[in-house]
Each structure stands twice: as C-alpha cells, then as structure tokens.
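> Input: one structure, supplied below.
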Amino acid sequence: MVEIDPTEHEIAELGPKIKDVDDEDVLREMLSLEEAGEDRVPVKTLIQSRIDKLEDEGDDEIDPETVDLSELTVADIANLVRSVDDGDVLRDMLEREQEGKNRKTALSRIESRIESVEGSADDEGEVGEVEYVPPEEKYPDLDHPTNDKQWVEGTVGAEYRDMWVYCETQAGELVDVSKEMLGKARQLMDQYNEDYEADERVVAVLIGADASDHVEDVIAYGADLVVYHEDERLDRFRHKPYTAIFCDMARAGGELAAEGREAVDWKDYHEPRYTVFPATNNGRDLSALVQGELDSGLASDCSGLYIEAAMISNPAKTGKAGDKKEFERVLHMKRPDFSGFEYSTILCIDKPNRDFHPQGASVIPGSFEIPEPDPEREAEVVDYEMTLDDDWFLVEVTEFDRLSGGVDLTGNEVVVAVGRGIGDDPTKGVELALDLVDAFDEADLGLSRGVITSSYSFDGHVEQYITEERQIGESGQEIQPDIYIAAGISGAIQHKVGCDESDTIVAINTNADADIADFSDYVIEGDLFEVLPRLTEAVERGELAAAVEASDD
C-alpha cells in the first residue's frame with residue numbers, strides 16, 4: 001500500500017512529498033490511483049516526471065573519471081560531484097575543467113566538494129578542523145566594501161529571539177498578506193514555545209504615516225508585541241528610511257545597537273531569530289534591504305514555513321569535515337521552483353565564524369489562511385522613537401493617483417481567467433487570454449491562486465498583470481460576470497467560491513472531468529493554447545455562442 005494517496009492532496013501539497021519518493025513502483029501505483037480517481041493532468045505530469053527522473057538516474061550513470069566535462073552544464077557538474085568521495089578523482093576533474101572551459105562556478109563546485117571530502121588533513125591523513133580564512137584573504141582580488149561595516153562577522157554565538165513580522169499597509173488598510181503572516185507566525189511560535197519550553201514572541205512591526213492606526217488590528221491577528229514608528233513623511237514606502245527604521249528596531253538592546261539604544265525595556269537580545277516579510281512589490285524590496293543590512297540571508301517568495309531541527313554535514317557549517325551536526329530551531333522555508341510543480345526548502349544556517357541571523361523569508365500572498373481576529377487579545381505596544389535623517393526625504397512626491405480598489409474585476413461583463421494550464425509557456429498563455437479580453441467590450445483578466453503562488457517566469461509586458469489583485473477565489477475577488485471563461489483552471493473549492501455566481505461559466509481544460517466541470521455550464525476539452533485563439537476569432541465574428549456550443553462536450 002502506498003504511503004501517499006495523491007487523490008487526497010492538492011498539487012501544491014504533493015510537490016514536496018513526491019520529491020522524496022525514490023521507489024519507481026510506489027510512484028507507478030500512485031499514478032494508477034490518480035488515474036482511477038481525480039485524474040488531474042498536472043498531478044499525473046508531476047508523478048510521471050519523478051518516475052522519468054529516477055529512470056534517467058538509473059540508466060545514464062556518468063563516470064566522473066572519464067566524462068567529458070565540456071559536454072556538461074555547471075548544474076550537471078554540481079550534481080555529479082555530490083556523489084564523488086575520492087579526492088584524487090575530484091582533483092583530476094578540477095584539472096580537466098581548468099584545461100577545458102575553465103568555468104569559475106564549475107571550479108568552485110569541485111573545490112567545495114574537495115574541501116567537504118578532505119577537510120584539513122594533517123601529514124598523517126587525519127582530518128582536523130576546517131581552517132577559517134577571512135573572505136578578504138581568501139579572495140584578495142575581489143572588492144570587499146562590507147569590511148567597513150562593524151557588524152560583518154562581528155558577532156558569533158549571540159542571543160536571538162522572537163519572530164518579527166513586517167506588517168505592510170496600503171491606502172490606510174492592513175493588507176491581507178500581513179494578516180496571513182501574523183496568523184502563521186502565531187501558529188509557529190506557539191508550537192515553538194511548546195517544543196523548546198520557551199517564551200518567545202510574535203513581534204509586529206508597523207512603519208508609516210498612520211502606523212498607530214493599525215496597532216489594535218495586528219494584536220487581534222496574533223502579535224504579542226507591536227513596535228511602530230509613525231512619521232507623516234512616511235506616507236509612501238521609501239527604501240532608505242523604512243530599511244533604517246526596521247534595522248534600528250531590530251538592533252535595539254543588542255551588542256551593535258545605535259548609541260543610546262544599548263538597553264531597552266522591551267528587548268534584551270541581539271537581533272530577531274526570524275524575520276518574515278510579504279512578497280509584495282514593496283515587501284520584496286524591503287526584505288532584501290533589511291536582511292542585507294543585518295548581514296544575513298533571505299529566502300524569497302515562500303509558500304510554506306515550519307520550524308524544526310536539521311542535520312547538516314557540510315564542513316563549512318560544522319567546522320570539521322566528516323562531522324554531522326544537528327542545528328536546532330531552524331526555519332524551513334519552502335518555495336516553488338521554476339516549474340511550479342517542485343519545491344525547494346531553504347535553510348539559513350550559521351557557520352563557526354559567522355552567524356546568519358535573522359533567518360529571513362518573504363511570503364507569497366495567499367499562501368496561508370487569514371485567521372479569525374481576536375479583539376480581546378492584549379499585547380505590549382512600543383512607540384519607537386527615532387530621528388530620521390532629512391536627507392532621506394530630499395525627493396518629494398507632490399502629486400499621484402491611487403486606484404481606490406486596485407484591480408476591480410467585479411464590474412465586468414466578461415472575465416477571462418487562466419490557471420496552471422499556462423505552465424508550458426506562461427507568457428504566451430497570458431497573451432492569448434489578453435487577446436480574448438480585448439475582443440470583448442467590457443472584460444478583464446483574472447488569475448487562479450496557482451498562478452499567483454507559482455514561480456513562472458513572465459516577459460516584462462505580461463508580468464505587470466501577474467498580481468494578487470487579480471486572484472479569483474476565497475482569498476481573492478468574488479465576481480458575478482455574465483460570462484466567466486476559465487482556461488487551464490482545475491477548479492478547487494477555493495476557486496469556486498470566487499466565480500460560482502457567474503451567469504455562464506465556460507471551462508477550457510485538457511481534462512473534461514476536472515473539478516471545474518462540476519460547476520461549469522460548458523466544458524471545452526482541449527489545450528488552452530489552441531482553444532483561446534479560436535474563441536477570440538469567434539468573438540470578433542460575433543459567433544461566440546455558436547463556437548462554445550460546437551466545442552461543448
């Protein structure tokens with residue numbers, strides 16, 4: 001019996017589960033279960049791709065001693081050296097690469113593996129501690145502007161506590177993803193405190209011209225401590241002041257706090273243990289700037305977070321080749337890969353001579369449920385005082401337009417939405433949907449949550465349309481157009497909530513039995529890349545109804 005029944009899971013849940021299955025027979029049985037059950041094309045594709053990958057690994061073993069490295073990509077070489085434990089073989093590969101394409105990244109991968117396998121051996125071959133060489137000595141030809149920053153590698157083994165959540169506001173409102181992150185942070189830290197018998201907090205950070213207006217809301221959604229800074233000059237997001245304020249808050253009371261902030265009564269540790277930001281336009285910028293200023297790493301565009309221990313064998317992290325070390329309290333940050341079907345889990349692990357804290361992530365909007373607010377919750381509130389440099393505000397915005405509700409799909413007669421079915425060519429898929437939108441008088445483009453949370457790559461002229469504002473569903477907009485055309489959307493119950501009140505629903509799907517068929521008026525079984533252009537032509541001729549009737553199965 002298989003451990004994972006694919007029919008019991010959404011595809012977003014299956015990606016990381018299937019990635020760990022190495023038995024081809026188990027995978028084939030899962031494929032049979034899916035075919036006999038929901039028969040979802042993306043799920044079958046995901047399982048089959050895993051089977052194909054395992055078969056390729058078995059059939060096409062590469063001999064590192066004889067392979068022509070010039071025929072391999074850098075990624076191929078990186079994957080190959082992971083399984084090589086012979087230092088002589090690795091050094092021979094290094095020489096062959098140097099004599100061949102001499103690719104810097106490939107050489108680095110091989111050198112890192114040599115260091116991992118051999119570490120620092122003495123004359124008798126005994127493995128000792130990995131020698132620490134400061135970056136400026138190891139790479140003397142490189143520029144090192146960060147050497148001027150006192151806190152680079154300045155603190156090792158410091159105390160870190162709490163999960164900090166940057167709560168973004170727009171047009172005077174707390175955005176939904178801020179509520180989602182607070183709810184998830186509350187879950188994580190409740191479990192953390194239970195597991196580690198600790199008492200660490202969810203800290204909400206508010207910055208803006210109306211920051212104090214949102215204090216009660218962030219408390220209701222899960223914050224134990226609210227730290228806010230309010231200044232009328234912060235009515236719009238600005239990179240320098242927002243970054244400086246957040247980092248000043250994060251260092252307050254720590255070893256590298258600004259003068260006069262070495263002791264505060266609400267914080268007695270060096271820096272936050274974890275930081276979480278929204279993966280919005282402003283949140284992406286702020287997260288990168290803050291984590292860079294705090295000299296740590298960032299896992300961007302995450303859709304899953306959990307905290308647990310991690311066993312690490314990398315000598316750069318353990319300090320000694322051949323050793324394994326268990327790191328506790330590690331934030332595991334899951335993010336979708338470029339395929340949209342696979343997931344990677346990012347870890348931010350300290351080194352013996354280098355702390356990487358806070359462990360930071362930005363979160364894709366819609367990844368977590370918005371919790372029910374508790375207006376009775378209580379929390380500590382800090383009105384954070386800080387003098388802002390006038391030079392940060394040399395540019396003054398004198399006039400701007402703001403759309404009152406962003407993208408409003410509710411007033412359109414027709415909405416054309418696309419889902420994961422665009423995966424083969426995401427840019428073209430959106431272009432075809434926009435062509436159909438343009439053929440109508442009152443129409444606009446919608447998106448499924450699967451597109452919003454994926455890591456598809458879009459060309460610039462299309463990327464502007466890929467925003468959470470266009471999401472249709474339980475965590476997006478609820479629409480009631482005369483015609484709703486859903487192309488490549490499977491039809492999860494969350495999506496149904498957003499479109500079920502449409503007068504006429506036309507679904508385009510390669511699987512005529514997809515969930516969306518249960519609440520659609522017409523189902524066109526076919527590839528959206530072929531069907532959408534035909535519908536566009538029919539609309540332009542005034543023959544849409546006839547075209548749909550003729551295609552309906």
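The values are calculated or read from the model by the stated rules, or taken from the named source; none is laboratory data. Owing to the predicted nature of the structure, the values given are computational and were not obtained by experimental measurement. FYI the Cβ positions are ideal-geometry reconstructions off the backbone, even for glycines, and counts take in every protein chain you see. With ligands, DNA and RNA removed, areas are computed over all heavy atoms of the protein, side chains included. Shrake-Rupley method; radii C 1.70, N 1.55, O 1.52, S 1.80 Å.
> Which of the residues that make up the stretch 462-489 are of a type in the set (Asp, Glu) and at pLDDT 90 or above?
Correct list: ASP482 only.
> Let me ask something else. Quick check on my filter: what residues within the stretch 302-329 are open to solvent by 30 Å² or more (accessible area, probe 1.4 Å), on the phi > 0 side of the Ramachandran plot and at pLDDT below 85?
GLY322
> Within the stretch 215-227, can you find the residues that are within 20 Å of ALA250 (Cα to Cα) and either at pLDDT below 95 or within 26 Å of the chain's Cα centre (by Cα) (or both)?
Those that are within 20 Å of ALA250 (Cα to Cα) and either at pLDDT below 95 or within 26 Å of the chain's Cα centre (by Cα) (or both): VAL218, ILE219, GLY222, ALA223, ASP224, LEU225, VAL226, VAL227.
> Would you tally the residues in the stretch 193-209 being surrounded by 15 or more Cβ atoms within 10 Å (Cβ to Cβ) and not small (Gly, Ala, Ser)? Walk me through how you get there before you give the answer.
Kept after step one, since they are surrounded by 15 or more Cβ atoms within 10 Å (Cβ to Cβ), are these residues of the stretch 193-209: 200-209.
Restricting the remaining residues to those that are not small (Gly, Ala, Ser) gives 200-203, 205-207.
The total comes to 7.
> Between a residue in the stretch 386-407 that is of a type in the set (S, T, N, Q) and any residue that is at pLDDT below 85, which pairs come within a Cβ distance under 8 Å, given they are 6 or more apart or on different chains?
Close Cβ pairs (under 8 Å, with a partner that is at pLDDT below 85) amount to SER404/ALA171.
> How about the stretch 512-525: which of its residues are among the hydrophobic types (A, V, I, L, M, F, W, C), surrounded by 18 or more Cβ atoms within 10 Å (Cβ to Cβ) and assigned to a loop (DSSP other than H, G, I, E, B)?
Scanning the stretch 512-525 gives a single hit, ALA514.
> Filter the stretch 69-100 down to the residues that are in a loop (DSSP other than H, G, I, E, B), under 34 Å from the mean Cα position of the chain (by Cα) and either over 21 Å from ASN314 (Cβ atoms) or of a type outside the set (S, T, N, Q) (or both) and list them by number.
Filtering the stretch 69-100 down to residues in a loop (DSSP other than H, G, I, E, B) leaves 72-73, 82-86, 100.
This time we only want the ones that are under 34 Å from the mean Cα position of the chain (by Cα), so: 72-73, 82-85.
Listed by number, the residues that qualify are LEU72, THR73, ARG82, VAL84, ASP85.
Conditions (1) modelled with pLDDT under 80; (2) touching a Ser or Thr at 6+ places or on another chain (Cβ under 6 Å); (3) farther than 30 Å from GLY366 by Cα; (4) open to solvent by less than 40 Å² (accessible area, probe 1.4 Å), marked per residue:
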position	(1), (2), (3), (4)
ILE18	yes, no, no, yes
VAL26	no, no, yes, no
ARG50	yes, no, no, yes
LEU54	yes, no, yes, yes
GLU65	no, no, yes, no
ASP76	yes, no, yes, no
VAL84	no, no, yes, yes
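> Taking the stretch 269-325 as the search range and keeping residues that are of a type in the set (Asp, Glu) and farther than 14 Å from TYR166 by Cα, which one is nearest to the chain's Cα centre (by Cα)? Steps first, please.
As a first pass, look at the stretch 269-325 and keep what is of a type in the set (Asp, Glu): 271, 285, 293, 295, 301, 308, 323.
Checking the rest, the ones that are also farther than 14 Å from TYR166 by Cα come to 271, 293, 295, 301, 308, 323.
Numbers: GLU271: 23, GLU293: 21, ASP295: 20, ASP301: 2, GLU308: 19, ASP323: 31 Å.
Per the criteria, the residue is ASP301.
> Restricting to the stretch 255-303, give me the number of residues that are assigned to a helix (DSSP H, G or I) and without any contact (Cβ under 8 Å) to a residue 12 or more places away in the chain.
Residues flagged as assigned to a helix (DSSP H, G or I) and without any contact (Cβ under 8 Å) to a residue 12 or more places away in the chain within the stretch 255-303 amount to 2.
> Let me ask something additional. Looking at SER344, SER296 in this structure, which one is touching a Pro at 6+ places or on another chain (Cβ under 6 Å), farther than 25 Å from ILE219 by Cβ and either open to solvent by 20 Å² or more (accessible area, probe 1.4 Å) or of a type in the set (Phe, Trp, Tyr) (or both)? It would help to see each step written out before you state the result.
Values: SER344 fails: touching a Pro at 6+ places or on another chain (Cβ under 6 Å).
Testing whether each residue is touching a Pro at 6+ places or on another chain (Cβ under 6 Å), farther than 25 Å from ILE219 by Cβ and either open to solvent by 20 Å² or more (accessible area, probe 1.4 Å) or of a type in the set (Phe, Trp, Tyr) (or both) leaves just SER296.
> Another question about this same structure. Please note which strands (runs of 3 or more DSSP E) are completely contained in the stretch 151-246 and include at least 1 residues that are in contact (Cβ under 8 Å) with a residue 24 or more places away in the chain and among the hydroxyl-bearing types (Ser, Thr, Tyr).
160-166, 225-230
> If you go through the stretch 59-68 one residue at a time, do you hit one that is in a helix (DSSP H, G or I) and within 25 Å of SER313 (Cβ to Cβ)?
no
> Out of everything in the stretch 28-48 that is hydrophobic (A, V, I, L, M, F, W, C) and open to solvent by less than 70 Å² (accessible area, probe 1.4 Å), what residue ends up being modelled with the lowest pLDDT? Let's see the steps before the verdict.
Within the stretch 28-48, the first condition is being hydrophobic (A, V, I, L, M, F, W, C), and the residues that meet it are 30-31, 33, 36, 41, 43, 46-47.
After this cut, where a residue has to be open to solvent by less than 70 Å² (accessible area, probe 1.4 Å) as well, the list is 30-31, 33, 41, 43, 46-47.
Details: MET30: 86, LEU31: 86, LEU33: 85, VAL41: 74, VAL43: 78, LEU46: 77, ILE47: 83.
Within the stretch 28-48, the match that is modelled with the lowest pLDDT is VAL41.
> Filter the stretch 360-377 down to residues that are open to solvent by less than 10 Å² (accessible area, probe 1.4 Å) and either under 18 Å from VAL203 (Cα atoms) or not in a loop (DSSP other than H, G, I, E, B) (or both) and give me whichever is modelled with the lowest pLDDT.
VAL363
> Can you find even one residue in the stretch 192-201 that is on the phi > 0 side of the Ramachandran plot and among the hydrophobic types (A, V, I, L, M, F, W, C)?
Within the stretch 192-201 (the criterion being on the phi > 0 side of the Ramachandran plot and among the hydrophobic types (A, V, I, L, M, F, W, C)), the answer is no, since none of the residues qualifies.
> When both residues are 6+ apart or on different chains and their Cβ atoms are under 6 Å apart, which pairs have a first residue that lies in the stretch 484-508 and is under 19 Å from GLY526 (Cα atoms), and a second that is part of a helix (DSSP H, G or I) and among the acidic types (Asp, Glu)?
Close Cβ pairs satisfying both conditions: SER490/ASP515; GLY491/ASP515.
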